[in-house]
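Following: one structure in structure tokens, then a few remarks.
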Amino acid sequence: MAPKDIIVIGGSAGGLEALRTLVAGLPRWFPAAVFVVLHIGARRSNAPEILGRAGLLPSLFAADGMPIAAGAIYVAPPDHHMLLAPGRMRLSRGPRENYTRPAIDPLFRSAAEAYGPRVVGVILSGSLSDGTAGLSEIKGHGGTTVVQDPAGARAPGMPSSALANVTVDHCVPIGDLAELLVGLTAKNRPPAAARGPSTEERDMSGEFELNPPVALTCPECGGAMKERTVDSLPYYTCHIGHRLAAPDMEAAQFRQMEQALEVALRSLNERMSLCERMGEAARRKGHGMVAEHWEDSARETRERAEVLRRFLQQDWTRPEPDGEEHRAAGTGAG
């Protein structure tokens, strides 16, 4: 049997308390790498320090490209999905899943794809259903699935969702989870995750993707549109009746795209101004570290705004002008 040397854990409300109980029971020689996602969003977090004080294993935020080693706890940092590749970790600011980034499902999916039956997936206390789909992926790739007993969870939603939708191998009270993990990893042969990177590494997901859209959306109201052809000219109609011929649809989409980019540039410019003002205020009060944080944010925002500004000013292949403009141009030339 494959060694169980990749432990992936997800929690939300009540998850940090559950993790403190879990890590307190793990021995210093624990022969697996532990990866943790908590629903912290973009907020600052001291979860690694809390977990490091609670038990014997070192705990730290994951970093992009960091090698994986046994006997350590890696925590997804704020506003980043944590993904696993053979032998290393990756961080992504891809789209939020289940309204959150970091999310549990991207970690679980990537672990299942990279490590298959070597993975143990654990769902702890939390609301709603993040982690259920990822736990199913782990099960489908031959891994082991574990859920905290919802009866003892502060927020039973996530464990209950997993139990209702996935064939779970173990459902245990949080006080028994460390002993279970020690037992599952006891027969490990190689120490955790010392496997080198694969030259045929799979796509990790968790990134923004450009897949074919399910349907085009109406520039007027945002509803899905059906395509119909009238005398060889495509027409697009949404479900409340907005109707556009293909050339008009192209022009409307172009205007919509420009407006979205301009809104993004405006937002970046406003954020830059806010960060600069907050940095100046912190300097006046003598709060140097706080001022540096705001100044770094302003600098980063300015750089990204400049990239977007240059992008907007590039030449684009624009839609042809409509018939009235064509006729006016023809009259003027005569």
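Being of a type outside the set (Asp, Glu) and either modelled with pLDDT under 95 or farther than 30 Å from Arg88 by Cβ (or both): is that true of Leu177 here? Criteria not met by Leu177. Residues of region 90-114 that are crowded, with 19+ Cβ neighbours inside 10 Å and in contact with a Pro (Cβ under 8 Å, 6 or more places away or on another chain): Leu91, Ser92, Glu97, Arg101, Pro102, Ala114.
Of all residues in region 258-283, those that are farther than 21 Å from Leu312 by Cβ have Cβ atoms under 6 Å from Cβ atoms of residues that are surrounded by 15 or more Cβ atoms within 10 Å (Cβ to Cβ) and charged (D, E, K, R), 6 or more apart or on another chain, in Gly279/Glu295. Residue check: Ala151 meets all listed conditions (1) modelled with pLDDT under 90; (2) farther than 22 Å from Met82 by Cβ but one, namely (1).
Here the condition is being modelled with pLDDT of 95 or more and over 16 Å from Val8 (Cα atoms); of Arg118, Arg90, Arg53, it holds for Arg53 alone. The residues on offer are Ser59, Ser127, and the sole one that is of a type in the set (Ser, Thr, Tyr), in the same structural domain as Trp29 (by TED's automatic domain parsing) and modelled with pLDDT under 95 is Ser127. Taking the conditions exactly as written (within 30 Å of Cys221 (Cα to Cα) and either surrounded by 13 or more Cβ atoms within 10 Å (Cβ to Cβ) or touching an Asp or Glu at 6+ places or on another chain (Cβ under 6 Å) (or both)), does Ala282 satisfy them or not? No; evaluated as a whole, the condition is false for this residue. Only residues that are on the phi < 0 side of the Ramachandran plot, assigned to a loop (DSSP other than H, G, I, E, B), more than 28 Å from the chain's Cα centre (by Cα) and at pLDDT below 80 were counted in region 189-238, giving 3.
Within region 15-33, can one find any residue that is basic (Lys, Arg) and surrounded by fewer than 17 Cβ atoms within 10 Å (Cβ to Cβ)? Yes, region 15-33 contains at least one residue that is basic (Lys, Arg) and surrounded by fewer than 17 Cβ atoms within 10 Å (Cβ to Cβ). Residues that are over 17 Å from Glu207 (Cβ atoms) number at least 3 in the following strands (runs of 3 or more DSSP E) confined to region 27-137: 33-38, 59-61, 73-75, 119-123. Scanning region 38-61 for residues that are touching a residue at least 60 places away in the same chain (Cβ under 8 Å) and crowded, with 18+ Cβ neighbours inside 10 Å gives Leu38, His39, Ile40.
The values are calculated or read from the model by the stated rules, or taken from the named source; none is laboratory data. Nothing here was measured: the structure is a model prediction, and the numbers come from that model. Neighbour counts are summed over all protein chains in view; Cβ atoms, including those assigned to glycine, are modelled from backbone coordinates with ideal geometry.
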